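K.L.:
The structure follows.
Read the figures in this text as sums done on the coordinates, not as results from a lab. Everything numeric here is computed off the predicted structure, so don't read it as measured data. Here the Cβ is made from the backbone with ideal geometry for all residues, glycine too, and neighbour counts use every protein chain on show.
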Amino acid sequence: MLRITDTITIQDWEITENFVRSSGPGGQNVNKVATAVELRFEAATSPSLTGPVKTRLRRLAGRRWTNEGALILQCDETRSQARNRDIARDRLADLIKKALTAPKRRIPTRPTLGSKKRRLKSKKVRGEVKAMRGKVDPSE
């Protein structure tokens with residue numbers, strides 16, 4: 001069981017873990033032991049998450065979200081299978097915590113009168129600078 005918040009816990013049947021061989025340095029240990037973990041969370045069918053949380057989680061997951069509605073996280077950071085498993089579970093918990101907070105709606109604002117005047121004044125000054133860049137007439 002994975003506890004996300006006081007109200008949300010993910011049951012063990014919702015998560016499947018598959019251990020595969022890791023890549024990178026490690027010598028014979030990498031070739032013999034399956035230390036990398038592939039965590040699969042069936043998010044679409046999870047009863048512990050609400051609809052809006054699932055949609056936000058899907059957007060946050062990006063390519064890690066499958067067509068079947070599962071979230072797949074991979075971890076092969078350490079040589080320890082148990083540590084990689086803990087890291088993957090922590091990542092899942094962090095991702096769900098991010099999905100729990102609804103994004104704030106943007107309230108469109110209008111520019112102030114002072115900012116409009118400053119913008120127009122700087123445009124005018126810049127235009128005057130550019131107007132002085134003409135060719136110099138030698139007869140004058």
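K.L.:
Across segment 94-106, in residue order, what do the Karplus-derived ³J(HN,Hα) couplings come to in whole Hz, using 6.51 cos²θ - 1.76 cosθ + 1.60 with θ = phi - 60° and x for Gly and Pro?
P.N.:
Karplus-based 3J(HN,Hα) across segment 94-106 equals 5, 5, 5, 5, 5, 6, 5, 7, 6, x, 6, 6, 7 Hz.
K.L.:
What are the ³J(HN,Hα) couplings of segment 124-139, residue after residue, when phi is run through the Karplus curve with 6.51, -1.76, 1.60 and θ = phi - 60°? Round to Hz, x for glycine and proline.
P.N.:
In residue order, the calculated couplings are 5, 4, 5, x, 5, 4, 5, 5, 7, 8, x, 6, 8, 8, x, 6 Hz.
K.L.:
Please identify, among 125, 20, 33, the residue showing maximal mean-square fluctuation in a Gaussian network model of the chain using a 10 angstrom Cα cutoff.
P.N.:
125
K.L.:
Using the Kirkwood formula over every pair of different C-alpha atoms, what hydrodynamic radius in Å results for segment 2-100?
P.N.:
Hydrodynamic radius (Kirkwood, Cα pairs) of segment 2-100 is 14.1 Å.
K.L.:
Tell me the net charge near residue 87. Cut-off is 11 Å between Cβ atoms, residue 87 excluded, with +1 for each Lys or Arg and -1 for each Asp or Glu.
P.N.:
-1
K.L.:
Calculate the spin-label point distance for residue 118 paired with residue 23, positioning each point 7 Å from the Cα along the beta-carbon direction, and give it in nanometres.
P.N.:
5.1 nm
K.L.:
List the longest stretch of the chain that has no exposed loop site; here a site is one of the trypsin sites (Lys or Arg not before Pro) assigned by DSSP to anything other than H, G, I, E or B, with at most 10 other Cβ within 10 Å.
P.N.:
Longest site-free region, per DSSP loop and neighbour criteria: 1-103.
K.L.:
If you plug each phi of segment 8-20 into the Karplus form 6.51 cos²θ - 1.76 cosθ + 1.60 with θ = phi - 60°, what whole-Hz ³J(HN,Hα) values come out, in order, with x for Gly and Pro?
P.N.:
10, 10, 9, 6, 5, 6, 7, 10, 10, 10, 10, 9, 10
K.L.:
In a Gaussian network model over the chain where Cα atoms closer than 10 Å are linked, find which of 114, 69, 51 has the largest mean-square fluctuation.
P.N.:
114
K.L.:
If you put +1 on each Lys and Arg Cβ and -1 on each Asp and Glu Cβ, how big is the dipole of the chain around its Cα centre, in Debye rounded to 20?
P.N.:
About 1620 debye.
K.L.:
Using 1/(1 + (r/R0)^6) with R0 = 35 angstrom and r between the beta carbons of residue 45 and residue 78, what's the FRET efficiency to the nearest 0.05?
P.N.:
0.70
K.L.:
Add -39500 (n - 2.57) for each DSSP H run of 4 or more in the chain, then divide by its residues: what number comes out at 222 nm, to the nearest 500 deg cm²/dmol?
P.N.:
-12500 deg cm²/dmol
K.L.:
Moving on. For residue 36, enumerate residues with amide H under 5 Å from its amide H, sequence gap 5+ or separate chain, H modeled in the peptide plane.
P.N.:
Amide H to amide H, under 5 Å and 5 or more residues apart or across chains, residue 36 pairs with 20, 22.
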